[in-house]
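The values are calculated or read from the model by the stated rules, or taken from the named source; none is laboratory data. Quantities reported herein were computed from a predicted structural model and do not represent experimental measurements. Note that each Cβ is placed from the backbone with ideal geometry, even for glycine, and that neighbours are counted across all protein chains shown. Only protein heavy atoms, including side chains, enter the accessible area calculation; ligands, DNA and RNA are left aside. Shrake-Rupley method; radii C 1.70, N 1.55, O 1.52, S 1.80 Å.
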Amino acid sequence: QEYGDLLMPSGAWHGIKLCEIISSRLFVAVGSELSEIDAESGKAIWTLSTGNTPISWIMKSRDESSLIVFNDDYKFEHDDQLSNIASVALDGVEKWRAPLPFSDDTFANRPVFDGAVLKTSSWRGYTCIIDQLTGEITHRQFTK
């Protein structure tokens, strides 16, 4: 069943999308936490912290087996020097987290699907393609 677009425009660069429905399962982001919510009770089935900055975008993967999560880039930090884009399985386990485009760079725009390709852009002006299975950057090109 189609539930419509849960997009709320906000800001000049990208909107905010904090809900996603996959196979009648509801996923919601609040602050830096992603949760699956039981539609009957309204209680969280699981909750996962995705970073130290708020989530501004969640979307389903192409095969609907996971969620792609984009945390705000400003002051995002990760212990292993990884980026603000991650894939989370539908059971709440992080599958992968994309590496930084460069050690002094970050992803400034939410990822989007261009056909079957997952793309995003970095603060330094690079368009990057991210492998949907591993999270690795498979291509980067200066576009700014």
- Item | Extension reserve of the Leu133-Ile45 stretch, reckoned as 0.36 nm per residue once the Cα distance is removed | 29.2 nm
- Message: Rounded to the nearest percent, how much of the accessible area of the chain (1.4 Å probe, protein heavy atoms only) is carbon and sulfur?
- Response: 51 percent
- Using a Förster distance of 25 Å, the FRET efficiency for Gln141-Ser65 (Cβ separation, nearest 0.05): 0.35
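If packing is taken as the mean number of other Cβ atoms within 10 Å per residue, what is the order of 44-50, 73-79, highest first?
Descending packing order for the listed peptides: 44-50, 73-79.
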- Quick one: length gained pulling Asp38 to Ser24 fully straight, 0.36 nm per residue minus the C-alpha distance? 4.0 nm
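When ligands, DNA and RNA are left out and all protein chains stay put, how many square angstrom of accessible area per residue does the chain have with a 1.4 Å probe?
56 Å²
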- Item | Added length on full extension, which subtracts the Cα-Cα distance from 0.36 nm per residue, Asp104 to Thr53 | 16.6 nm
- Query: How far apart, in nm, are the 7 Å Cα→Cβ label points at Tyr74 and Phe113?
  - Reply: 3.1 nm
